[in-house]
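The values are calculated or read from the model by the stated rules, or taken from the named source; none is laboratory data. Nothing here was measured: the structure is a model prediction, and the numbers come from that model. Heads up, the Cβs are rebuilt from the backbone with ideal geometry, glycines too, and the neighbour counts pull from every protein chain shown.
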There are 2 protein chains.
Amino acid sequence: MHRTHTCGELTIADLGKEVILSGWVQKSRDLGGMTFIDVRDRYGITQLVFNADDDAELRATARDLGREFVIKVIGTVIERTNKNPKMPTGDIEIKVSRLEVLNAAKLPPFLIEDETDGGDDLRMKYRYLDLRRNPVRSNLVLRHKMAQEIRKYLDSQDFIEVETPYLIKSTPEGARDFVVPSRMNPGEFYALPQSPQTFKQLLMVSGFDRYFQIVKCFRDEDLRADRQPEFTQIDCEMSFIEQEDILNLFEGLTRHMFKTVKGLDIAEFPRMSYDEAMRLYGSDKPDTRFGMEFVDITEIGKGKGFPVFDNADIAIGINAKASASYTRKQLDELTDFIKRPQIGATGMIYMRHNDDGSLKSSVDKFFNEDELKKWSEAFQTEPGDLVLVLAGQNKDKVRKQLNELRLEMGNRLGLRDRNKFAPLWVVDFPLLEWDEETARYHAMHHPFTSPKPEDIAKLDTDPGAVRANAYDLVINGTEIGGGSIRIHNRELQSLMFKHLGFTPEEAQKQFGFLMDAFEYGAPPHGGIAFGFDRLVSIFAGLDTIRDVIAFPKNNSGRDVMIDAPSTIDEKQKEELSIKTTV
Amino acid sequence: MHRTHTCGELTIADLGKEVILSGWVQKSRDLGGMTFIDVRDRYGITQLVFNADDDAELRATARDLGREFVIKVIGTVIERTNKNPKMPTGDIEIKVSRLEVLNAAKLPPFLIEDETDGGDDLRMKYRYLDLRRNPVRSNLVLRHKMAQEIRKYLDSQDFIEVETPYLIKSTPEGARDFVVPSRMNPGEFYALPQSPQTFKQLLMVSGFDRYFQIVKCFRDEDLRADRQPEFTQIDCEMSFIEQEDILNLFEGLTRHMFKTVKGLDIAEFPRMSYDEAMRLYGSDKPDTRFGMEFVDITEIGKGKGFPVFDNADIAIGINAKASASYTRKQLDELTDFIKRPQIGATGMIYMRHNDDGSLKSSVDKFFNEDELKKWSEAFQTEPGDLVLVLAGQNKDKVRKQLNELRLEMGNRLGLRDRNKFAPLWVVDFPLLEWDEETARYHAMHHPFTSPKPEDIAKLDTDPGAVRANAYDLVINGTEIGGGSIRIHNRELQSLMFKHLGFTPEEAQKQFGFLMDAFEYGAPPHGGIAFGFDRLVSIFAGLDTIRDVIAFPKNNSGRDVMIDAPSTIDEKQKEELSIKTTV
């Protein structure tokens, strides 16, 4: 037998018991004729004591144990003289009578402690050692707990988890597919799913009514930013519902998660239209943990001889509360920030509302105190506030630039508190977005999203103005998920494909099975998908999804621990009827 | 609003309520001036009534509804005159005041009823319609329920579900891999996992202690028999345990499933060594719902001048109880059965124990009544029994042939009752099995399985006799799962690879990451994996796993509904640095 107890459960109530423990040597120290060893497992740490007076040989063996050795000990639970109230087992220690080394360990390449000295690359190569560290392991325990709670909740709401296939069909729409050559069908390929979208819609046609799945999805995209080639989705679909039903149900799920996993009561989620989100925050995923909404001064800025404003189609700004004390240097930093190529603004105008009530701007040459009072009113400034303004010709661009500036100010002012959670539904997304590169409209959500009935007429006259029955859940400025009410009839789906530039033949070849299915009694339906990795990382208070994934890939899509991808045998390629061209 | 209630919930308690229901037209019939329509959803069926006296136009519209039309109705719950006690809603019907057709439906290509007239191919092409049928849908509901119960149970036992990657590394060991060309790493390939084996072992090295995952696995094998290219595994691993712990825990899980899902109390599972299973049943997955164990009469058969027995290394048989009345024709059928090429026996000997007590065999020429009495004693026959005997030179072959005959007799005698469940642990598997084709030993389980410590010495002298710490769970003659205690130290793992014909370089290239991990403090560990599809099909009383999978593939690995696999664009191949050779 390897253990009678784990390393996290013995307390003063167990005094006198003979126990067996197994685990890893966390650390060891000598004190007089004694050696103390902390033995660790997933459940906790227990202190072992070896006394040379009792057994000099045993103590000598214990003294030789290295960090991360796997040991098994038999001993008696005794009371500690030097108690540690921070540890659940801190009142006791084990007086060891027998010690067995189950496995030796080489010196780990980095410290297995909460704060490690290991760099990213080393920790990825030895991911199995990094996973021993508390902060990393606790993320995965959290992930497990969240998955359990999600399943419990959706089961209680009559959802059925159905596994959809991983070997499906490649479609040119959307992101790039990972493909899998078929040995049995030479020259043909499966694709790994970017999402189970069409299958979950077919399940609705089948009458499953409420479907969900926690499922891996795959996108062969360049891995800039915080992306992984494989990621996990909480995928859901419902029949005989309207948008309101879906928002309510998944708000319920999210609040259930906050309550059961984090013990937090979150108020009802506010809702905001896409247009309003863009107008107030310059983003369809605003971080509403703090205010600092955009204020439009295009009109009051004009006609004072300041060419930047006079030539601008838009002049908008934010009130960075209590930041009037910002120095010239700090303001220069902000200007540098917004001038970075990825943001691309040309300049920033500011106005200080000084503590003495006076108003002072970077454009005093054009705006006297009376004019600035109009700014002050527009931004509702108080003494101590700082107004930052951007202007330009392209409204969308300026809004996006100011969004970046707002988030930067949020960071600088400590307003983006990891322990505060601000969920938001963004609704009424546009159905289509114009793509400059391909010079055609793309589906903003996906081609199966339904237009608002009252906007369908505009599909021909003003496609960009057609709104969709689509919605996103945003938490703290991160898009957690999105969904839509789907098209459920063949004619509208065909029309949609036409507007996306498909010929009828292409549409039939790629999605004929779905349009055919719509002719056999398809119910009204809609759904949502949450990014599970993102949701866990938000709950864990992390910036990256990499730390909530057991074995993530690096930015080149490589698993450096197992060294994948790798070359394969020529024989394997022959069987698959493929050749590599490099 | 699409509905106030589902089609399965209204009862006499709801009389007088105005309700909204949505669903599919199951069937419709006219009676006098009335039309009755059964409307169906996932939850049940409710009868609608349209009366021409109340609203002739509405009734006319209702009359025109086709099967599988999707409708929404508003109406009042009234008591039925003609009650149907078999239906939960059989006491009531809905007097409809408004009807809306949500979607029309073409005539389905086959009947959407429990007994359908659709052939296999048609049902696969229109799988979304087949999934509307009760027997198919209920399998998937069962599957969902089982997955939920498995997760609940394992969570209660401190197991953590960890998602392991799908894009991993191809290994030449085991079955054929599906591979995925990497765009970012030209000329290199990922492989889809045949199982998360190495990852779960690394999680044990990481100290996760108890891991599980319900996970898709992939094998590119020829799809004869009841196999799918993608299948689902309940994958588990534990640290600091011995074989006994694993058997107990997963017996607990299985009994929990029988109890919660089927309401059955199953007794403790018997255990049997591999050798005993082969001796008594000629199979490592015996169907123990019925006895009919093998009886060896090699010795008592010899020396009577019957050349088949005299030349045989083995003569074994079964007692088919109460089958003495088998006719010549039936016995000929059995002989034909065992002579089929896939079984390959050359002949069958039989002995009847007649109702009058006399013994009559097909080899009376060589065996008189006194000799046959010895047979009777060996087989413990009673009047009315039938003994069937096979003999030959190759013991393994004859046992396998008799296994087939035993199962056939079990079928004929109705002993393989789908509502009876006989689980069995088969233990002490051989570590290695000789492969004629490659002329080397293969791992019977996999290369990470540990030999029994007392047998390690035999690895060099008699590899075939080395037993493994490996075990299978068998239910009703189907292998539900298997597992082993793993090797957890580098030297033994290297030795194992050597015996499997790997050079040290090959072993390091393929599995270096695992052997390296063993040097940093690997705990003793072991695990098990259950075939989830099989387990569900056993619970559902089905012969094939195809009917417990929402979207299965056919025997050529094709999804005929979506038409996958399919060709891909040349541009896609270029990006992936591959060419097809057909």
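Residue A:148 meets each of the listed conditions (1) polar (S, T, N, Q); (2) at pLDDT 95 or above; (3) surrounded by fewer than 24 Cβ atoms within 10 Å (Cβ to Cβ); (4) closer than 24 Å to residue B:129 by Cα apart from (4).
Here's the yes/no breakdown for (1) modelled with pLDDT of 95 or more; (2) among the polar types (S, T, N, Q); (3) over 33 Å from the mean Cα position of the chain (by Cα):
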residue: A:452; (1), (2), (3): yes, no, no
residue: A:456; (1), (2), (3): no, no, yes
residue: A:462; (1), (2), (3): no, no, yes
residue: A:497; (1), (2), (3): no, no, no
residue: A:500; (1), (2), (3): no, no, no
residue: A:516; (1), (2), (3): yes, no, yes
residue: A:521; (1), (2), (3): yes, no, yes
residue: A:526; (1), (2), (3): yes, no, no
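In segment A:461-471, what count of residues is obtained for those that are touching a helix residue (DSSP H, G or I) at 6+ places or on another chain (Cβ under 8 Å) and either aromatic (Phe, Trp, Tyr) or in a strand (DSSP E or B) (or both)?
2
All of (1) within 20 Å of residue B:532 (Cα to Cα); (2) modelled with pLDDT of 95 or more; (3) of a type in the set (Gly, Ala, Ser) hold for residue B:206 with one exception: (1).
Results for (1) under 40 Å from the mean Cα position of the chain (by Cα); (2) farther than 14 Å from residue B:39 by Cα, shown as yes or no for each residue.
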{"position": "B:69", "(1), (2)": "yes, no"}
{"position": "B:75", "(1), (2)": "no, no"}
{"position": "B:86", "(1), (2)": "yes, yes"}
{"position": "B:93", "(1), (2)": "no, no"}
{"position": "B:101", "(1), (2)": "no, no"}
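Scanning segment A:24-46 for residues that are polar (S, T, N, Q) and over 38 Å from the mean Cα position of the chain (by Cα) gives A:28, A:35. Looking across segment A:157-183 at every residue that is modelled with pLDDT under 95 and more than 8 Å from every other protein chain (Cβ to nearest Cβ), the one that is surrounded by the fewest Cβ atoms within 10 Å (Cβ to Cβ) is identified as A:175. Being at pLDDT 95 or above and within 7 Å of chain B (Cβ to nearest Cβ) holds for only one residue in A:154, A:131, A:142, and it is A:131. When residue A:474 is tested against (1) in a strand (DSSP E or B); (2) within 12 Å of chain B (Cβ to nearest Cβ); (3) of a type outside the set (D, E, K, R), exactly one condition is not met: (2). Against the test of being at the interface with chain B (Cβ under 10 Å from one of its Cβ atoms) and either touching a strand residue (DSSP E or B) at 6+ places or on another chain (Cβ under 6 Å) or of a type in the set (Val, Ile, Thr) (or both), the options A:237, A:188 yield a single qualifying residue, A:188.
In the set A:483, A:531, A:526, A:512, only one residue is more than 7 Å from chain B (Cβ to nearest Cβ), in contact (Cβ under 8 Å) with a residue 60 or more places away in the chain and surrounded by fewer than 22 Cβ atoms within 10 Å (Cβ to Cβ); that residue is A:531. Within segment A:91-114, the residues that satisfy the criterion of being within 18 Å of residue A:63 (Cβ to Cβ) and in a loop (DSSP other than H, G, I, E, B) are A:104, A:107. Considering only residues in segment A:126-154 that are out of contact with any Pro (no Cβ under 9 Å at 6 or more places or on another chain) and aromatic (Phe, Trp, Tyr), the one that is farthest from residue A:257 (Cα to Cα) turns out to be A:128. Surrounded by fewer than 16 Cβ atoms within 10 Å (Cβ to Cβ), free of Cβ contacts under 8 Å to residues at least 40 places away in the same chain and in contact with a Lys or Arg (Cβ under 6 Å, 6 or more places away or on another chain): does that describe residue B:113? Answer is no for this residue.
For residue B:117, the test of being assigned to a helix (DSSP H, G or I) and at negative phi is failed. With respect to being within 30 Å of residue B:141 (Cα to Cα), modelled with pLDDT under 95 and within 19 Å of the chain's Cα centre (by Cα), residue B:289 falls outside the description. Every condition in (1) part of a helix (DSSP H, G or I); (2) in contact with a strand residue (DSSP E or B) (Cβ under 8 Å, 6 or more places away or on another chain) is met by residue A:293 except one, and the failing one is (1).
Of A:319, A:403, A:411, all but one fail to be within 30 Å of residue A:264 (Cβ to Cβ), of a type outside the set (A, V, I, L, M, F, W, C) and in contact with a Gly (Cβ under 7 Å, 6 or more places away or on another chain); the exception is A:403. Here residue B:424 fits the description: crowded, with 18+ Cβ neighbours inside 10 Å, of a type outside the set (D, E, K, R) and under 23 Å from the mean Cα position of the chain (by Cα). For segment A:550-566: of the residues being in contact with an Asp or Glu (Cβ under 6 Å, 6 or more places away or on another chain) and in a loop (DSSP other than H, G, I, E, B), which is nearest to residue A:216 (Cα to Cα)? So the residue we want is A:553. Taking segment B:554-575 as the range and being more than 7 Å from every other protein chain (Cβ to nearest Cβ) and in contact (Cβ under 8 Å) with a residue 24 or more places away in the chain as the test, the residues that pass are B:554, B:555, B:560, B:575.
Candidates are the residues of segment B:337-358 that are modelled with pLDDT under 95 and polar (S, T, N, Q); the one that is surrounded by the fewest Cβ atoms within 10 Å (Cβ to Cβ) is B:342.
Exactly one residue among A:318, A:338 is assigned by TED's automatic domain parsing to the domain that holds residue A:405 and over 17 Å from residue A:297 (Cα atoms), and that residue is A:338. Within segment B:298-336, the set of residues being within 32 Å of the chain's Cα centre (by Cα), surrounded by fewer than 16 Cβ atoms within 10 Å (Cβ to Cβ), at pLDDT 95 or above and not acidic (Asp, Glu) comprises just one member, B:330. Within segment B:527-582, the only residue that satisfies the criterion of being over 24 Å from residue B:250 (Cβ atoms) and of a type in the set (Phe, Trp, Tyr) is B:551.
Taking the options A:115, A:68, A:93, name whichever one is acidic (Asp, Glu) and more than 27 Å from residue B:211 (Cβ to Cβ).
Answer to the check: A:93.
Looking at segment B:250-260, can you tell me whether even one residue there is within 14 Å of chain A (Cβ to nearest Cβ) and either in contact (Cβ under 8 Å) with a residue 12 or more places away in the chain or touching a His at 6+ places or on another chain (Cβ under 6 Å) (or both)? Looking through segment B:250-260, at least one residue is within 14 Å of chain A (Cβ to nearest Cβ) and either in contact (Cβ under 8 Å) with a residue 12 or more places away in the chain or touching a His at 6+ places or on another chain (Cβ under 6 Å) (or both).
Counting only strands (runs of 3 or more DSSP E) wholly contained in segment B:185-251, the ones carrying 3 or more residues that are within 27 Å of residue B:536 (Cβ to Cβ) occupy B:210-218, B:230-239.
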